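A short worksheet on the structure shown next.
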Amino acid sequence: SISKFEKKKFYDCIDKRIQGEPVSRIVGTRNFWKNNFSISKYTLNPRPDTEVIIDIVTKNYCNNVNHIQVLDLGSGSGCIGLSILEDLKNASLLSLDICKQALKQVNINAEKLNLSKKLFCCQANWFENAWIEKINLITQNETLFSKKKFDIIVCNPPYIKSSDVEKLQNEVKNYDPLISLDGGIDGCDSYRAIFKDLRQLLTTDGIGFFEIGFDMLDYIKIILKEFNLKLIRVHKDIQGYDRVIEIK
């Protein structure tokens, strides 16, 4: 037998699902890579497509014996950066997000995974000029970071065209934060803002791994050329779509 409270809680969950709320939002967790990550209304619901980034990074750096500095831009729940941090034992991570509540979620997940001592969080907005200065101050003053720049930069920025947001599934447009979805008129606003300053953040041999929309590669190539960045390779997701670019 179950209590009236448990019964009510169960039926409340059923009602939420009928209204279109994703199961992961109802239970407050989502499985990603090797772990269940706590999520909130301030964080994007992690997608399997994004695991492509983790797969590439861990394969490329798993045998690296040197200290690796990782920057996770737009960290959300922290699923990308923390998954990498867990797999690369000699890494330290700077998680950056515009949203203070999202960074709280990063810390919650880091504590669950016993990764807090290898993590530093920073609230910043890459559309503001001062965001690079904030990062520089952290790498100069925090003992967690031995270098001023990063060996790995990972990012899943908002890349949905503003006009397409309303066309998304209800589970996405009604429950994911708009700031994590809307990439501007052509979906590329965040790429322009970040790529403009990317060289200031990458070490000489550093590489950036960015998720892109399945139909965005041609737009991205133009932006990369504009900021004199090199496209090393393009990685496809499990459906065969262009999903992650490797750049420097």
task = Please name all residue pairs, on different chains or six or more residues apart, with Cβ atoms under 7 Å, provided the first residue is in the range 106-124 and is basic (Lys, Arg) and the second residue is assigned to a helix (DSSP H, G or I).
result = Lys118/Leu85
Qualifying residues in the range 206-235 (those that are over 19 Å from Ile132 (Cα atoms) and touching a residue at least 40 places away in the same chain (Cβ under 8 Å)) - the one surrounded by the fewest Cβ atoms within 10 Å (Cβ to Cβ) = His235
message = I'd like to verify a number: residues in the range 151-174 that are of a type in the set (Asp, Glu) and free of Cβ contacts under 8 Å to residues at least 40 places away in the same chain, how many?
response = 2
ask   = Only one residue in Lys161, Lys221, Lys225, Lys230 is in contact with a helix residue (DSSP H, G or I) (Cβ under 9 Å, 6 or more places away or on another chain) and of a type in the set (Lys, Arg), so which one is that?
value = Lys230
task = Output yes when any residue across the range 48-68 is closer than 22 Å to Ser180 by Cα, modelled with pLDDT of 95 or more, open to solvent by less than 10 Å² (accessible area, probe 1.4 Å) and assigned to a loop (DSSP other than H, G, I, E, B), and no when none is.
result = no
task = Would you confirm whether any residue within the range 92-101 is part of a helix (DSSP H, G or I) and either in contact with a strand residue (DSSP E or B) (Cβ under 6 Å, 6 or more places away or on another chain) or surrounded by fewer than 18 Cβ atoms within 10 Å (Cβ to Cβ) (or both)?
result = yes
query = If you take the residues in the range 151-176 that are part of a loop (DSSP other than H, G, I, E, B) and open to solvent by 80 Å² or more (accessible area, probe 1.4 Å), which one is farthest from Leu96 (Cα to Cα)?
reply = Gln169
One residue from Leu119, Leu202 being over 25 Å from Asn45 (Cα atoms), out of contact with any Asp or Glu (no Cβ under 6 Å at 6 or more places or on another chain) and surrounded by 15 or more Cβ atoms within 10 Å (Cβ to Cβ) = Leu202
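Residues checked against (1) at pLDDT below 95; (2) under 18 Å from Val70 (Cα atoms):
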| site | (1), (2) |
| --- | --- |
| Asn141 | yes, yes |
| Cys155 | no, yes |
| Pro158 | no, no |
| Gln169 | yes, no |
| Leu181 | no, no |
ask   = Does Lys148 meet the test of being free of Cβ contacts under 8 Å to residues at least 40 places away in the same chain, part of a helix (DSSP H, G or I) and open to solvent by 10 Å² or more (accessible area, probe 1.4 Å)?
value = no
remark   = Filtering the range 13-47 down to residues that are open to solvent by less than 30 Å² (accessible area, probe 1.4 Å) and of a type in the set (A, V, I, L, M) yields Ile39
message = On the basis of being of a type outside the set (S, T, N, Q), touching a Ser or Thr at 6+ places or on another chain (Cβ under 9 Å) and either part of a helix (DSSP H, G or I) or open to solvent by 50 Å² or more (accessible area, probe 1.4 Å) (or both), does Ile185 make the cut?
response = yes
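Just to check your reading of the model, which residue among Ile238, Ile245, Ile222 is part of a helix (DSSP H, G or I) and of a type in the set (A, V, I, L, M)?
Selected residue: Ile222, the only one of Ile238, Ile245, Ile222 that is part of a helix (DSSP H, G or I) and of a type in the set (A, V, I, L, M).
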task = State which residue pairs qualify: first residue over 30 Å from Gln19 (Cα atoms) and inside the range 175-196, second residue open to solvent by 50 Å² or more (accessible area, probe 1.4 Å) and part of a helix (DSSP H, G or I) in any location, beta carbons under 6 Å apart, and separation of 6 or more residues or different chains.
result = Cys188/Tyr219
remark   = Going through (1) open to solvent by 90 Å² or more (accessible area, probe 1.4 Å); (2) within 26 Å of Ile238 (Cβ to Cβ); (3) of a type in the set (Phe, Trp, Tyr) one by one, Phe10 fails only at (2)
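The values are calculated or read from the model by the stated rules, or taken from the named source; none is laboratory data. The model shown is predicted, which means the values in this text are computed figures rather than measured ones. Every residue, glycine among them, receives a Cβ derived from its backbone with ideal geometry; neighbour counts consider all protein chains shown. For accessibility, only protein heavy atoms count, side chains too; no ligands or nucleic acids. Shrake-Rupley method; radii C 1.70, N 1.55, O 1.52, S 1.80 Å.
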